[in-house]
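Working notes for the structure below.
The values are calculated or read from the model by the stated rules, or taken from the named source; none is laboratory data. Since we're looking at a predicted model, the values are computed, not measured. For neighbour counting, all protein chains shown are included, and Cβ atoms are generated from backbone atoms with ideal geometry for every residue, glycine included. For the accessible areas, the whole protein counts, side chains as well, though only heavy atoms, and no ligand, DNA or RNA atoms are used. Shrake-Rupley method; radii C 1.70, N 1.55, O 1.52, S 1.80 Å.
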There are 2 protein chains.
Amino acid sequence: MMAGAQEQRLKLLGPGTGVSMYTIRVQMALCIKELSYDFLPEDPWSKSDLLLASNPVYKKLPVLIHTGRPVCESLIIVQYLDDAFAGNSTSILPTDPYSRAVARFWASYIDDKLFPSCIGILKTAKQHERADKVEETLAAFGLLEAALAECSKEGEAEALFFGGGSLGLLDIALGCYLPWIKAIGHLAAMPPFLDAARTPKLAAWAERFRAAEPVRALLPAEDKVEEYISTVLYPKWNAALTASATN
Amino acid sequence: MMAGAQEQRLKLLGPGTGVSMYTIRVQMALCIKELSYDFLPEDPWSKSDLLLASNPVYKKLPVLIHTGRPVCESLIIVQYLDDAFAGNSTSILPTDPYSRAVARFWASYIDDKLFPSCIGILKTAKQHERADKVEETLAAFGLLEAALAECSKEGEAEALFFGGGSLGLLDIALGCYLPWIKAIGHLAAMPPFLDAARTPKLAAWAERFRAAEPVRALLPAEDKVEEYISTVLYPKWNAALTASATN
């Protein structure tokens, strides 16, 4: 049976805050693939029945619903969109198998290592733990600087993006964090992480990424992220610290 | 320039112990794709220059080297083999985009949640933590039981494997852990996790998987895994506990 036009239309469940990097990542992919969709804002503190039914395992946002079927986890959603709409516009994943593997490797690294280190700077009150997290974060950006250099093939002009001439998986995997990275640096009273002296290629990439269509309009302002960290995350982390200290 | 025959040949760096589930997972993929390769055994306690140069980020095994270029992280390696040798034999990932997303979701779930819960049963000496890990593990297998039921399409015969009639990504993602799951249950003096009453489909799947060509010969004996846990992992965990207690 053919799904009706209503059911066929893509739906994206995400928090209404506008600062969720994983939801923004999926929105970037939808834009790159030139797909229209209905955004269904969710209250992250009161999970809807639709969310619980769509992502019973993690109960987390974002969730994409396509022809009535849910897809969860932002990197998996991006790959799904690229697969399911292979004919649309440009490809988000590189077409070369080795480049695909490299993009997948770094995208996971950013989620599993880089960002946890970076936000870990704010999560701890202990000076030596904070220093460790700063060091880990700078080392992670150093590795990505080298990875970006690898994207420019020998004898060719410098690659504009990780994806080459256009935005790819790794661009949106890292790019969705840019306002967060800036906000964390500011709240920690640190010099910018993406510094023209230390990581010149990444710093130039970040400038290009922020200005790039079609993702430009999706990035939240840095002060909106700062406010979210201050008013929502700090109290949450403090409550968790208090709970673990009294266990 | 064409790479020489020597350089073209696939190399797999893995521990020589024969019990590494992630190395076995890649070996299963190599077998399914009917690819021959050189196995380069590594000493996990003394990392070779080749390993450090091939996986400078995580310095972990396994690493696949193809035409001189390294690919790291077992699930990424499996997808790489499926991409790079798309013409070989059957496809490991489902061809339907939605089924691919589902397989990727559960494969990550197994690595990120199911196995850490399962081995967590042995890692803790605290009774209530152990009970939590047992509950988490049983809940995770319950979710996979339901996922396996979903693999049998309406009105069709029961699927032999997560991949349908043949072994796919999710089969090898979970199957590589089978001897570990048995060994952990035995060491914890528990009834089998994959029980015909509680998870009948998974229990039957595990029997079929263990007997399936071409992966049958790759699964280590359960007592070899038990011995590895007892003689290698227990002392390592105890040393870590002692270190953290004296910090």
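For segment A:97-120, give me the residue count where each residue is aliphatic (A, V, I, L, M) and more than 11 Å from every other protein chain (Cβ to nearest Cβ).
Count: 2.
In the list B:ARG216, B:ARG198, B:ARG208, which residue meets the criterion of being assigned by TED's automatic domain parsing to the domain that holds B:GLY120 and touching a strand residue (DSSP E or B) at 6+ places or on another chain (Cβ under 8 Å)?
So the residue among B:ARG216, B:ARG198, B:ARG208 that is assigned by TED's automatic domain parsing to the domain that holds B:GLY120 and touching a strand residue (DSSP E or B) at 6+ places or on another chain (Cβ under 8 Å) is B:ARG208.
When segment A:95-135 is examined, which residues are found to be touching a Ser or Thr at 6+ places or on another chain (Cβ under 6 Å) and either within 14 Å of B:VAL57 (Cα to Cα) or of a type in the set (Gly, Ala, Ser) (or both)?
Once the filter is applied, which keeps residues that are touching a Ser or Thr at 6+ places or on another chain (Cβ under 6 Å) and either within 14 Å of B:VAL57 (Cα to Cα) or of a type in the set (Gly, Ala, Ser) (or both), segment A:95-135 yields only A:SER117.
Restricting attention to segment A:49-70, report how many residues are surrounded by fewer than 13 Cβ atoms within 10 Å (Cβ to Cβ) and more than 9 Å from chain B (Cβ to nearest Cβ).
5
For B:ILE32, all conditions in the list (1) within 23 Å of A:GLN79 (Cβ to Cβ); (2) in contact with a helix residue (DSSP H, G or I) (Cβ under 7 Å, 6 or more places away or on another chain) hold save one; what is the number of the exception?
(2)
Considering only residues that are in contact (Cβ under 8 Å) with a residue 60 or more places away in the chain, surrounded by fewer than 18 Cβ atoms within 10 Å (Cβ to Cβ) and within 10 Å of another protein chain (Cβ to nearest Cβ), which ones fall in segment B:76-96?
Answer for segment B:76-96, where residues must be in contact (Cβ under 8 Å) with a residue 60 or more places away in the chain, surrounded by fewer than 18 Cβ atoms within 10 Å (Cβ to Cβ) and within 10 Å of another protein chain (Cβ to nearest Cβ): there is none.
Does segment A:191-199 include one or more residues that are surrounded by 14 or more Cβ atoms within 10 Å (Cβ to Cβ) and in a helix (DSSP H, G or I)?
No, every residue in segment A:191-199 fails to be surrounded by 14 or more Cβ atoms within 10 Å (Cβ to Cβ) and in a helix (DSSP H, G or I).
Please verify whether B:ALA146 is without any contact (Cβ under 8 Å) to a residue 40 or more places away in the chain and either more than 21 Å from B:TRP205 (Cα to Cα) or open to solvent by 60 Å² or more (accessible area, probe 1.4 Å) (or both), treating the condition exactly as stated.
no
B:GLU73 passes all but one of (1) on the phi > 0 side of the Ramachandran plot; (2) more than 9 Å from chain A (Cβ to nearest Cβ); which number fails?
Of (1) on the phi > 0 side of the Ramachandran plot; (2) more than 9 Å from chain A (Cβ to nearest Cβ), only one is false for B:GLU73: (2).
Given (1) modelled with pLDDT of 95 or more; (2) out of contact with any helix residue (DSSP H, G or I) (no Cβ under 8 Å at 6 or more places or on another chain), where does A:TYR109 come up short, assuming only one miss?
Answer for A:TYR109: the failing condition is (2).
What do you reckon, is B:ILE24 within 25 Å of B:ALA221 (Cβ to Cβ), within 12 Å of chain A (Cβ to nearest Cβ) and hydrophobic (A, V, I, L, M, F, W, C)?
no
Given the conditions (1) open to solvent by less than 70 Å² (accessible area, probe 1.4 Å); (2) modelled with pLDDT of 95 or more; (3) over 16 Å from A:TYR80 (Cα atoms), report the number of the one that A:GLY4 does not fulfil.
With respect to (1) open to solvent by less than 70 Å² (accessible area, probe 1.4 Å); (2) modelled with pLDDT of 95 or more; (3) over 16 Å from A:TYR80 (Cα atoms), A:GLY4 is out only on (2).
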